[in-house]
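Below is one structure, written out as structure tokens, with a few remarks after it.
Read the figures in this text as sums done on the coordinates, not as results from a lab. Bear in mind that the values here come from a model prediction, so they are computed numbers and not experimental data. Here the Cβ positions follow ideal geometry from the backbone for every residue, glycine too, while neighbour counts run over all protein chains shown.
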Amino acid sequence: MVKISPVEELFTIINETALIIQEEIACTFLEALAETGENLFQEAVLQEEISELNKKRLEKLYDQVQLNKYQNEEIRKALQLVILKGMRESVQANHQMTPDAVGMLISHLLNKLVTDHSFTLLDPAVGTGNLLTTVMNYLQPKEIGAIGVDVDDLLIRLSYVNANLQQHPIEFFNQDSLEPLYVDPVDVVICDLPVGYYPNDVRASQYELAAIQGHSYSHHLFIEQSIKHTKDGGYLFFMIPNGLFESEQAAKLHGFLKEKVIIQGLLQLPLTMFKTKQSAKSILILQKKGEHVVPPKQALLVNLPSISKVKSIENILSQIDDWVKENKK
Ligand code: SAM
């Protein structure tokens, strides 16, 4: 008999139940996925429009799942696979889930740089919650007060399902993160920045990084908003486009960063991770200025090798650890 992995087992049930719901309530696959995730969590079929026959089919499938039998990472990966399947149908490029390798790398850096057992963490573009829950899983057993914000109501519903099924107590806000955010300053921000123009010029004009003419860059405003919501001395980890410091608006961004933060590091992700050179990204590590914050002797500058080269990755991780020892005593 072929033995299937826990991730495949969960994937199959979540996928099959989402398909049943999609057919019955005529919605998109991703909407059906959010519904089935909620059913699994509540241990009930919550949709009133489901026929008795399909309700029984769903209940039989849900009965096969004992959530506490699975590791958080198995639940996250199963959901990630079903979400990827649904995204092939409909979601735009800017809404893509953050790759696992990025979440793991940020967790490694965060673990080295933030040594407190408990801290607060904000992701202002939380999307499906893949990045945020990857980081929370890798940082267990730390106590993390997490907050996720996203303007897209379907993606934030998927985030909510992700958090519930993995039992992460995350506080969610479904809003434009560039409008006023009613959250206290946090210790750490992580964000896979949405890249492009922000359409609301009136709101943008409230930001120091607003464009002098025309639309402002959303990713610049996100950086400013994130810094504003970080405590003095707190850290920020951004997934940024490689051309961030080369655009016509880069000079203003440079000046702003110089005044508010210390650039701790820049890690260029392997080009093989991206479809085109233009869409390639890096991880930018910042620390907000504060009373006892000192700049590193040297910023951490790394070109990451292809993820498949295990030995090179190990070398890079130990290079990161040496840099932390040297610069963050
Ligand atoms: N880290 C996420 C994940 O793992 O699923 C993916 C983030 S995706 C690259 C960028 C996200 O920014 C999208 O979910 C999009 O809906 C969100 N976004 C774009 N503009 C926004 C805004 N003004 N306010 C809040 N969220 C926004």
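At a glance:
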quantity: Whole-number percent relative contact order across region 1-96, with pairs defined as alpha carbons under 8 Å at least 6 apart; calculated: 37
quantity: Diffusion constant of region 68-126 at 4 °C, which comes from Stokes-Einstein with the Kirkwood Cα-pair radius and 1.567 mPa s, µm²/s; calculated: 93
quantity: Karplus-derived 3J(HN,Hα), 6.51/-1.76/1.60, for each residue of region 76-81, Hz, glycine and proline x; calculated: 4, 5, 5, 5, 4, 5
quantity: Cross-link pairs beyond the 26 Å C-alpha cut-off, checked among Lys231/Lys277; Lys69/Lys231; Lys231/Lys275; Lys275/Lys311; Lys55/Lys85; calculated: Lys231/Lys277; Lys69/Lys231; Lys231/Lys275
quantity: Whole-Hz ³J(HN,Hα) from phi, Karplus 6.51 cos²θ - 1.76 cosθ + 1.60, for region 275-285, glycine and proline x; calculated: 5, 9, 4, 5, 8, 5, 9, 9, 10, 9, 10
quantity: log10 of Debye I(q)/I(0), alpha-carbon scatterers only, for region 5-79 at 0.16, 0.20, 0.23, 0.27 Å⁻¹; calculated: -0.51, -0.79, -1.03, -1.36
quantity: Net charge dipole size for region 129-274 [Lys, Arg +1 and Asp, Glu -1 on Cβ; Debye, nearest 20]; calculated: 260
quantity: The chain: most fluctuating residue of Val126, Val302, Val186 per GNM, C-alpha cutoff 10 Å; calculated: Val302
quantity: Antiparallel DSSP beta bridges within the chain, percent to nearest 5; calculated: 40
quantity: Set of lysines with alpha-carbon distance to Lys3 below 16 Å, sequence-local pairs under 8 removed; calculated: none
quantity: Distance in nm between pseudo-label sites at Lys311 and Glu171 (7 Å out along the Cβ direction from Cα); calculated: 4.9
quantity: Spatial separation of Cα centroids for region 175-236 and region 144-168, in angstrom; calculated: 20
quantity: Charge dipole (the chain, unit charges on Cβ, about Cα centre) - positive-most of Gln71, Ile14, Phe238; calculated: Phe238
quantity: Straight-distance crosslink candidates among aspartates and glutamates, where the alpha carbon sits under 20 Å from Lys56 and sequence neighbours closer than 8 are dropped; calculated: Glu9, Glu16, Glu23, Glu24, Glu35, Glu38, Glu43, Glu48
quantity: Length-normalised contact order of the chain in % [C-alpha pairs under 8 Å, at least 6 apart]; calculated: 12
